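S.K.: Take this structure first; my questions come after.
Please treat every number below as a calculation from the coordinates, not as lab data. Please read all numbers here as calculations on a predicted model, not as lab measurements. Methodologically, a virtual Cβ is constructed for each residue, glycine included, from the backbone with ideal geometry; neighbour enumeration extends over all protein chains shown.
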Amino acid sequence: MKPHDSIPLNFIEYPSDAMLERARGFYAEMSGRRTVREFSSRPVARELIETCIRTAGTAPSGANQQPWHFVVVSDAQMKSRIRFAAEAEETEFYERRATDEWLEALAPLGTDADKSFLEVAPYLIAIFYEAYGFDDAGKRIKRYYPMDSVGIASGMLIAALHHAGLASLTHTPSPMAFLNEILGRPDNERPFLLLVVGYPANGARVPSITRKPLASIAHFVEQPNVAALSTDQT
Ligand code: IYR
């Protein structure tokens, strides 16, 4: 089937050595990203945040419904309200809700119910997905893969922020329905992630963790190279 309307693809082809250089350069840059939990209150230009959100908005989405909404909070009073509500949930989590197994899994990261970074960091980006939408007549319409789509957009936002030189923290107080209430978002929007954004605090430290090597996160299903096999056997 053809789309209703089409335009020529704007595809940039690079020489193959340049492609590898770009791939390696981007990997090197992204492998330097770390989730940060100690933020500086140093202000960040709003235009940086706007531009990174524009990048997030280029993510692929189910039926191109772009089922996301980003609420950018820099207002101190709002940040305090969010911190207060998040800490209430987190205290419940750490003291009662979390299983011992879960707490054990988190122990290496050193997280706890203190969420002071929610007031310190210059920006909180509350990311919502639309569980359903509305047509022009106000009738409920289905959204396709909204969570998955917002997950992809969030990943792109995290990459864009890192690329711009900012640190972020993917914070998921649970449950986080309080974000709808505090930020006045409608019922069809569900909180997906609270992204904390800013500069790291001076001397910020992060847990000593490693990333799984390629061989343990991927494998290739390839056509056997028949020529190479027959020479090996001689
Ligand atoms: N939401 C809690 C707990 C927490 C859960 C996971 I899974 C993490 O990777 C990190 C933290 C908190 O933010 O502390």
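S.K.: Relative to the Cα centre, what is the charge dipole magnitude of region 1-117, using +1 at the beta carbon of each Lys and Arg, -1 at the beta carbon of each Asp and Glu, and rounding to the nearest 20 debye? Spell out each step's value before the answer.
M.R.: Values: 15 positive and 19 negative charges, 85 e Å.
Result for region 1-117 is approximately 400 debye, rounded to the nearest 20.
S.K.: As I understand it, the value is the acute angle between the Cα axis of helix 46-56 and the longest principal axis of the Cα atoms of the chain; what does it come to in degrees, rounded to 10?
M.R.: For 46-56 against the chain, the angle is about 50 degrees.
S.K.: Positive end of the charge dipole of region 67-132 (Lys, Arg +1 and Asp, Glu -1 on Cβ, about the Cα centre): tell me which of THR111, ALA88, TYR123 has its Cα farthest that way.
M.R.: After comparing all options, I get TYR123.
S.K.: Filter LYS79/LYS212; LYS115/LYS212; LYS115/LYS139 down to the pairs with a C-alpha to C-alpha distance above 30 Å, please.
M.R.: Numbers: LYS79/LYS212 35 Å; LYS115/LYS212 28 Å; LYS115/LYS139 39 Å.
Table pairs above 30 Å Cα-Cα are LYS79/LYS212; LYS115/LYS139.
S.K.: Please give the FRET efficiency for ALA105 paired with GLU21, using the beta carbon to beta carbon distance and R0 = 35 Å, rounded to the nearest 0.05. Intermediate results must be reported in sequence, preceding the final value.
M.R.: Details: r = 38 Å, r/R0 = 1.08.
Given R0 = 35 Å and the Cβ-Cβ separation, E is 0.40.
S.K.: Nearest 20 debye, what's the magnitude of the dipole of the chain about its Cα centre given +1 on Lys and Arg Cβ and -1 on Asp and Glu Cβ?
M.R.: On the way: 24 positive and 29 negative charges, 61 e Å.
With Lys and Arg at +1 and Asp and Glu at -1, about 300 debye.
S.K.: Right, next: How high is the relative contact order of the chain, given as a whole-number percent (alpha carbon pairs under 8 Å, six or more residues apart)?
M.R.: Values: 293 pairs, mean separation 70.6, N = 234.
It rounds to 30 percent for the chain.
S.K.: Using R₀ = 35 Å, calculate the FRET efficiency as 1/(1 + (r/R₀)^6) where r is the Cβ-Cβ separation of ASP75 and ALA215; round to 0.05. Could you put the intermediate results ahead of the total?
M.R.: Values: r = 47 Å, r/R0 = 1.34.
Plugging the Cβ-Cβ distance into 1/(1 + (r/R0)^6) gives 0.15.
S.K.: Given the C-alpha atoms of the chain, compute the convex hull and give its volume per residue in Å³. Show your work: numbers first, answer last.
M.R.: On the way: hull volume 54.2 nm³, N = 234.
Hull volume normalised by residue count: 231 Å³.
S.K.: Right, something else. Using a cut-off of 26 Å between alpha-carbon atoms, which lysines can reach LYS2, once sequence neighbours fewer than 8 places away in the same chain are excluded?
M.R.: LYS142
S.K.: Still on this structure, please answer the following. Rounded to the nearest 500, what is the chain's calculated 222 nm mean residue ellipticity when only DSSP H runs of at least 4 contribute -39500 (n - 2.57) each, over all residues? Provide the component values of the computation, followed by the final result.
M.R.: Working: 9 runs with 92 residues, N = 234.
Mean residue ellipticity, 222 nm, calculated: -11500 deg cm²/dmol.
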